[in-house]
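The values are calculated or read from the model by the stated rules, or taken from the named source; none is laboratory data. Just so it is clear, the model here is predicted, and its values are computed rather than measured. Backbone-built Cβ (ideal geometry, glycine too); neighbour counts: all protein chains shown. These area figures cover heavy atoms from the full protein model, side chains too; ligands, DNA and RNA do not enter into them. Shrake-Rupley method; radii C 1.70, N 1.55, O 1.52, S 1.80 Å.
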2 protein chains.
Amino acid sequence: MTAPSLDFWFDLASHYSYLSAMRIDELATRAGVTVRWRPFLLGPIFDALGWEAPPFVAQKEKGVYVMRDMERQCRKYALPWAPPSEFPRRALLATRVAVLAADEPWLPTWCRAVMLRNFGEDREVDSPEAISAMLEARGVEAAPVLALALAEDNRQRLRERTQRARALGIFGAPTFFVGKEMFWGNDRLEDAIVEALSTAP
Amino acid sequence: MTAPSLDFWFDLASHYSYLSAMRIDELATRAGVTVRWRPFLLGPIFDALGWEAPPFVAQKEKGVYVMRDMERQCRKYALPWAPPSEFPRRALLATRVAVLAADEPWLPTWCRAVMLRNFGEDREVDSPEAISAMLEARGVEAAPVLALALAEDNRQRLRERTQRARALGIFGAPTFFVGKEMFWGNDRLEDAIVEALSTAP
C-alpha cells in the first residue's frame, strides 16, 4: 500500500511558490498526504522555453497586478509580506543548499526561512553571510554545508533537477505533481491534495 | 446606503470567463452582492499591450496545460466541457448582442447560453443563424435585435466598452472590480465577493 503523496516543485524566488511553501505542510499533514519538496530554478526553464524574461517582468501590467494580488493573498493567509525590492531575487546559493538537503528533515524549514526573509522582510538571500546565519539559526553547522553546496557534484545535482523540471513540462512555479497529473499555481494546491487522496490505492 | 456590488468583465470566448459566468450569479446572490455584467473583447487589449497572441497561444506549454486544467475545473464545478476545437473562437456578433443588452434582464442568460454552446458543446457562436436560434430560444425576437446589434452606434458602443477595459488596466479575463480594486481570474471570484461585502457601507 502506498501513502497518498505529491511532489511540490518550486523556486525560492517565486512569489506564488512562497504562498504554497507556507501553506503546504499544514494542509498536507491534515489530509494525510506526504509532500516531496523539489526546489529548482525557473530561470533556465524560461530560457529553454524562449521566454526572454519572467512573465511578470515581460508583461508589465501583469507585474503590477501581481504585487497587489500578493499583498491581498498574504493578508488572506496571514503571511508576512514586504514587496521584494529586487525581482527576481537571486537565490542561487540558497537553492544549492536546498538541493543538497534533499533528504534532510530541515529542508522545508530551510526553504520557508529563505522565503520569509525574501518575501516577508525584503532582505537578500544569496550572500554566504546570510546563508550561514540562516543555517546556524536552525542548528546546522554552516561551513561544511556551504562547502558541499558549492562542490561540483552538487552544482551538477541542481542542473539535473532543473532539467528534470523541464522534462516534466513545468513552465512555472509552484507546480504540483500527483503521479503524472500536473497542477500549476498556488491556487491549485488544494486540488492537488484532493487528487493525491483520490488516487492513493 | 449602497448595496454591495461588483463589475464582472469578461470575454465570451475566454475559457476562465466561462467558469466565472457559470458560477457568479449563485455566489453573488447568496452573498447579497449585485453583479454588473461587462462583456468586452480581449483581442484589442492584447493588441494594445503588444502581445502578439493570447498567452495560451503564444506560450504553447501553457496552452496545453490550460486544456487539462479546464477539464478538471469543469469537473470540479460540475460544468459541461467540450474542448473548443477552435481558439480563440470568434464570438463578435454574440458580443455585440451582449453589449446591446447591457440593461436587459436576459443579459446573463444570453452570455451563459453562448458560452455553454462554445465550451460545453464545441459549436460555433458567431453565425447569424446560431445567434438567431439562441435568441429565439430565450423568447427574444431575433431580427430586430440583430439589426440593432449590427448598427453603427452599437459597434461604437463595443469599441468604447473595450477602450474602457483598457483604461481600467484590464489585461485578461475574467476581471472583477470592486470600486478600483481589481481581481484577475476565476480563482479570485470568491475574494472579489468578500471584498464587495467588506467595502459596502
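Some values worked out for this structure:
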quantity: Filtered residues of the range A:134-150 (kept if over 16 Å from residue A:111 (Cβ atoms) and assigned to a helix (DSSP H, G or I)); calculated: A:136, A:142, A:143, A:144, A:146, A:147, A:148, A:150
quantity: Condition met for residue A:111 (within 13 Å of chain B (Cβ to nearest Cβ) and either assigned to a helix (DSSP H, G or I) or open to solvent by less than 60 Å² (accessible area, probe 1.4 Å) (or both)); calculated: no
quantity: Among (1) of a type outside the set (Ser, Thr, Tyr); (2) away from chain A (no Cβ under 14 Å); (3) free of Cβ contacts under 8 Å to residues at least 12 places away in the same chain; (4) assigned to a helix (DSSP H, G or I) - the single one residue B:97 does not satisfy; calculated: (3)
quantity: Scan of the range A:70-83 for residues that are part of a loop (DSSP other than H, G, I, E, B) and touching a residue at least 40 places away in the same chain (Cβ under 8 Å), ordered by number; calculated: A:77, A:79, A:80, A:82
quantity: Qualifying residue in the range B:64-85 (condition: among the polar types (S, T, N, Q) and within 16 Å of the chain's Cα centre (by Cα)); calculated: no
quantity: In the range B:57-71, residue nearest to the other protein chains (Cβ to nearest Cβ) [restricted to those that are at pLDDT 95 or above and open to solvent by less than 10 Å² (accessible area, probe 1.4 Å)]; calculated: B:69
quantity: Check on residue A:78, open to solvent by 50 Å² or more (accessible area, probe 1.4 Å), among the aliphatic types (A, V, I, L, M) and on the phi > 0 side of the Ramachandran plot; calculated: yes
quantity: Which numbered condition residue B:9 misses (of (1) touching a Phe, Trp or Tyr at 6+ places or on another chain (Cβ under 7 Å); (2) crowded, with 18+ Cβ neighbours inside 10 Å; (3) away from chain A (no Cβ under 14 Å)); calculated: (3)
quantity: Selection count, the range B:158-169, where residues are more than 13 Å from the chain's Cα centre (by Cα) and either part of a strand (DSSP E or B) or within 13 Å of chain A (Cβ to nearest Cβ) (or both); calculated: 4
quantity: Set B:191, B:126, B:153: member being within 14 Å of chain A (Cβ to nearest Cβ) and either part of a helix (DSSP H, G or I) or farther than 26 Å from residue B:31 by Cβ (or both); calculated: B:191
quantity: Qualifying residues in the range B:179-188 (those that are open to solvent by 10 Å² or more (accessible area, probe 1.4 Å) and not in a helix (DSSP H, G or I)) - the one farthest from residue A:61 (Cα to Cα); calculated: B:179
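Results for (1) in a helix (DSSP H, G or I); (2) farther than 30 Å from residue B:51 by Cβ, shown as yes or no for each residue.
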position: A:18; (1), (2): yes, no
position: A:26; (1), (2): yes, yes
position: A:30; (1), (2): yes, yes
position: A:46; (1), (2): yes, no
position: A:53; (1), (2): no, no
position: A:65; (1), (2): yes, no
position: A:68; (1), (2): yes, no
